[in-house]
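Structure first, commentary second.
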Amino acid sequence: MNLSQKTAFELAESCRAGKCSSEDILKDLARAIEAKDSSIKAYVRFDAKKSLRRTVSKEAPLYGVPIAIKDNICVENEAITCGSKILQNFVSPYNATVIERLLDAGAVIFGRTNMDEFAFGSSCETSFYGPTRNPHDLGRVPGGSSGGSAACVAAQTAIAALGSDTGGSIRQPASLCGVVGIKPTYGRVSRYGLIAFASSLDQIGPLTRDVRDSALLLKVLAGGDPRDSTSANVPVPDYLSFLGKDIKGMKIGIPKEYFKKEGLSPAVEKAVRQEAAQVLEKQGARCEEVSLPHTAFAIGVYYIVAPSEASSNLARFDGVRFGWRHPSTGNLLELYEKTRGEGFGSEAKRRIILGTYSLSSGYYDAYYLRAMKVRTRIKQDFDEVFKKVNVILTPTSPTPAFKLGEKATNPLEMYLSDIYTISANLAGIPAISVPCGAEVRDGKSLPIGLQFMAKPFDEGKLFQIAHAFEGTRI
Ligand code: GLN
């Protein structure tokens, strides 16, 4: 078997036993990338010879395993673009904490994956470097914004990858590409060295081929960090120990509001609400209908809060200190205008304008402040439901992968596809997407994903149920 087809868990064991080396794995990956990536374009940069590693003991959990990194996470002395022209030629001055943790765990850092510009999007089409394509159908999107990370894991051109999730950017591409993606609890993983999109929502997490790898990677990534004041000093359990525990008696809530949506594909509804629920009940879990009454406001709230924070975070990209600068400028104002005018793509500009508007004096109370109040209600809905159930089961995305260009000219339609994922970010709770079937469209079998959500810091429960579910499908 080609090494690029194995999981991180298997490869770490093989490297430890001396059956293969990280060089062997990288060689197989390089071959796979050469064969497939010119059509998928999951990578913005890849150089097998330039991988980064540390000398660690053989006991290290990711000993010898190469991990691909989304292009918004800093790796010291390496270019990082966030899929934007404005960061062209910018080199990271330091390692993100997650990179330090991966290196200390024996992982090999290689390859940067494509993304929507500054993580704004659900299709990977807003990248300055052009779109990534879905390995299951090259005419379709891989999802976004971590579309490159999901596509390379699905195409077996990476073993596992890091992504970031502000409103679904790990889970939705995982669902559309048929891989596993977890957005941890807000504060669970340090964001030091992640280029910020919306600071009250962003989290880093892994995209992997299976649930065991997801647990293995999160164990390495999680934990408090003095360099990120929003990270939480909550002890990190051994997530692998949750795998294989039975789910007898576990209570699963199915929110009725999530199945009322027009635009929900009947095949997705059936795969989640009927088939997955049945499979879980057969294992002794109990499903019950629950209500999250403020669900209808989530998109509206998110598309005020996230652009507001983005407009403030992106103010620093002005051509003076970072990245690309417009070459012909007469004075400072013109420098700002031309650099930002030509450096940002249209979705980034749309977000900056939306956010600046809702934060401006006279509108702040009506938009931002109001959105923050409704956000609290959304969080309270979850608090109430988690008094009754252990996890919530929903679809990850209302449809399987859509066609390239299908929603690109209609931002509102693109925003609406985030309906199931954004609430977890607004509430700060953890959520995982796991493959749960396929829908055939135009003769191609397209993956469907389901989502489990849990209480803050209850990722262990997510791994337990996701693993139990996954086991019934292999
Ligand atoms: N699709 C959502 C957006 O466009 C979420 C993106 C993300 O999680 N980074 O904002």
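The values are calculated or read from the model by the stated rules, or taken from the named source; none is laboratory data. Note that the coordinates shown come from a computational prediction; the quantities given were computed from them, not determined experimentally. Cβ: placed from backbone, ideal geometry, glycine included. Neighbour counts: every protein chain shown.
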Practice item. State the number of residues belonging to segment 387-431 that are within 17 Å of residue 457 (Cα to Cα) and within 15 Å of the ligand (Cβ to nearest atom). Key: 9
Practice item. Count, please, the residues in segment 372-425 that happen to be surrounded by fewer than 23 Cβ atoms within 10 Å (Cβ to Cβ), over 18 Å from residue 147 (Cα atoms) and aromatic (Phe, Trp, Tyr). Key: 1
Exercise for review: State whether the residues of segment 191-200 include one that is more than 16 Å from the ligand (Cβ to nearest atom), more than 13 Å from the chain's Cα centre (by Cα) and in a loop (DSSP other than H, G, I, E, B).
Suggested key: yes
Review point. When the residues of segment 240-284 are filtered to those that are part of a loop (DSSP other than H, G, I, E, B), within 19 Å of residue 401 (Cβ to Cβ) and among the small types (Gly, Ala, Ser), which remaining residue is modelled with the highest pLDDT?
Key: 265
Point to revise | Count - residues of segment 129-158 that are in a strand (DSSP E or B) and surrounded by fewer than 22 Cβ atoms within 10 Å (Cβ to Cβ) | key: 1
Review point. Under 7 Å by Cβ, and 6 or more places apart or on different chains, what pairs join a residue from segment 2-16 that is within 12 Å of residue 62 (Cβ to Cβ) with one that is small (Gly, Ala, Ser) and surrounded by fewer than 17 Cβ atoms within 10 Å (Cβ to Cβ)?
Key: 15/21
**Study point:** Selection status of residue 468, away from the ligand (no atom under 16 Å from the Cβ), in a helix (DSSP H, G or I), crowded, with 21+ Cβ neighbours inside 10 Å and among the aliphatic types (A, V, I, L, M)
**Key:** yes
Check your understanding: Does segment 79-92 include one or more residues that are basic (Lys, Arg) and either under 25 Å from residue 30 (Cβ atoms) or within 13 Å of the ligand (Cβ to nearest atom) (or both)?
Key -> no
Exercise for review: For residue 333, indicate whether it is more than 30 Å from residue 250 (Cβ to Cβ), touching a helix residue (DSSP H, G or I) at 6+ places or on another chain (Cβ under 6 Å) and assigned to a helix (DSSP H, G or I).
Suggested key: no
Study note, to complete from the structure: Note on segment 202-219: residues surrounded by fewer than 24 Cβ atoms within 10 Å (Cβ to Cβ) and in a helix (DSSP H, G or I) are 212, 219
Check your understanding: Identify, please: which residue in segment 140-190 is β-branched (Val, Ile, Thr) and farther than 20 Å from residue 238 by Cα and is, among those, nearest to the ligand (Cβ to nearest atom)?
Key -> 166
Practice item. Test residue 42 against the criterion of being among the small types (Gly, Ala, Ser) and either in contact with a Phe, Trp or Tyr (Cβ under 8 Å, 6 or more places away or on another chain) or without any contact (Cβ under 8 Å) to a residue 60 or more places away in the chain (or both), and give yes or no. Key: no
Review point. Are there any strands (runs of 3 or more DSSP E) wholly within segment 383-465 with 2 or more residues that are closer than 22 Å to residue 153 by Cβ, of a type in the set (Val, Ile, Thr) and under 18 Å from the mean Cα position of the chain (by Cα), and if so which?
Key: 431-441
Exercise for review: Could you list, in sequence order, all residues of segment 1-53 that are touching a strand residue (DSSP E or B) at 6+ places or on another chain (Cβ under 8 Å) and loosely packed, with under 15 Cβ neighbours inside 10 Å?
Suggested key: 47, 50
Practice item. Tell me, please, whether a residue that is surrounded by fewer than 24 Cβ atoms within 10 Å (Cβ to Cβ) and closer than 29 Å to residue 448 by Cα can be found in segment 168-184. Key: no
**Study point:** Residues located in segment 107-132, provided they are under 16 Å from the mean Cα position of the chain (by Cα) and more than 16 Å from the ligand (Cβ to nearest atom)
**Key:** 112
Practice item. Can you work out which of the residues in segment 343-360 that are among the aliphatic types (A, V, I, L, M) and within 22 Å of the chain's Cα centre (by Cα) is nearest to the ligand (Cβ to nearest atom)? Key: 348
Revision key, fill the gap. Considering segment 78-103, residues that are touching a residue at least 60 places away in the same chain (Cβ under 8 Å) and more than 17 Å from residue 195 (Cβ to Cβ), and then whichever is surrounded by the most Cβ atoms within 10 Å (Cβ to Cβ), we arrive at 102
